[in-house]
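Asks: One structure coming up, written as structure tokens, with questions to follow.
The values are calculated or read from the model by the stated rules, or taken from the named source; none is laboratory data. Small disclaimer: the values here were computed from a predicted structure and weren't measured. Note: ideal-geometry Cβ built from the backbone for every residue, glycine included; neighbour counts use all protein chains shown.
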Amino acid sequence: MIALTQEKREKLIAYNKQRLKGLKHSVQQTAFESVREELELEIKSTEVTLASLTADAVGSFHIYEQKVDATTDYVRDGEWPIDEGELLVYAAPPVPEIKLSLLQPRDLEALIRFNETCEDGEGYDLSKDKMDRLVELGVVRKIRGSIREITALGQMYIDINCQDSPSEFLMTETDRAAAFNQHIKRLNGLGE
């Protein structure tokens, strides 16, 4: 099952609305005649994605001793999506929201300090105990000797808590290395 934070859900909704608008425009263009069928499938796929991301519950089952004790519907009369017939109710929301386990304030502070010291290229000043704790939490990884680096999870915590430089996407180690090298070049006046 896929789960999302509310912020990511909102970004995906906005992205897919914009994508749907572009696809609907493209499917009408004669230049795309040869791929019209694929574009129509993309439109349907994007509509399904949006429906899943914006779905509202229509009711609930009240369970008592492993049996349905009662049901509740959340839709007013006259607002049901069908006039007659069967309406399927699903066991889980299409895309549930996740909440991250929070780092303790002292761990978050240590992680942010480690990140700051990594960015200046002069090594870190945290104690071995603090670094070992960050490694155990999975937000920092030991490379070799006393060399450590921030993991994707650690970077996500930094991005969430330091709004001045949020990452939009997860990055590979190669991506991070390239970004770090660009940062060092900028510090030395050699980069963009």
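Asks: Out of the residues in segment 41-61 meeting the condition of being out of contact with any strand residue (DSSP E or B) (no Cβ under 9 Å at 6 or more places or on another chain), of a type outside the set (Gly, Ala, Ser) and surrounded by 13 or more Cβ atoms within 10 Å (Cβ to Cβ), tell me which one is nearest to residue 7 (Cα to Cα).
Replies: So the residue we want is 54.
Asks: Same structure, new question: Cβ-Cβ distance below 9 Å, separation of 6 or more or different chains: which pairs start in segment 12-29 with a residue that is farther than 12 Å from residue 47 by Cα and end on one that is surrounded by fewer than 17 Cβ atoms within 10 Å (Cβ to Cβ) and of a type in the set (Phe, Trp, Tyr)?
Replies: 26/32
Asks: Pairs only if they're at least six apart or on different chains, beta carbon under 8 angstrom, first in segment 142-155 and under 19 Å from residue 127 (Cα atoms), second aromatic (Phe, Trp, Tyr) and crowded, with 16+ Cβ neighbours inside 10 Å; list them, first residue then second.
Replies: 148/114; 148/124; 150/114
Asks: With respect to residue 111, determine if the residue is modelled with pLDDT of 85 or more, hydrophobic (A, V, I, L, M, F, W, C) and part of a helix (DSSP H, G or I).
Replies: Criteria met by residue 111.
Asks: Follow-up. Please give the number of the condition residue 136 fails out of (1) at pLDDT below 75; (2) closer than 22 Å to residue 108 by Cβ; (3) surrounded by fewer than 11 Cβ atoms within 10 Å (Cβ to Cβ).
Replies: Only one criterion in (1) at pLDDT below 75; (2) closer than 22 Å to residue 108 by Cβ; (3) surrounded by fewer than 11 Cβ atoms within 10 Å (Cβ to Cβ) is unmet by residue 136, namely (1).
Asks: Here is a follow-up. If you take the residues in segment 53-108 that are part of a loop (DSSP other than H, G, I, E, B) and of a type in the set (Lys, Arg), which one is modelled with the lowest pLDDT?
Replies: 99
Asks: Another one. Can you confirm whether residue 23 is under 30 Å from residue 76 (Cβ atoms), touching a Leu at 6+ places or on another chain (Cβ under 8 Å) and modelled with pLDDT of 85 or more?
Replies: Here the answer is no, as residue 23 does not meet what is asked.
Asks: When you go through (1) touching a helix residue (DSSP H, G or I) at 6+ places or on another chain (Cβ under 6 Å); (2) at pLDDT 85 or above; (3) of a type outside the set (A, V, I, L, M); (4) surrounded by 15 or more Cβ atoms within 10 Å (Cβ to Cβ) one by one for residue 167, which number turns out not to apply?
Replies: If we test residue 167 against (1) touching a helix residue (DSSP H, G or I) at 6+ places or on another chain (Cβ under 6 Å); (2) at pLDDT 85 or above; (3) of a type outside the set (A, V, I, L, M); (4) surrounded by 15 or more Cβ atoms within 10 Å (Cβ to Cβ), just (2) comes out false.
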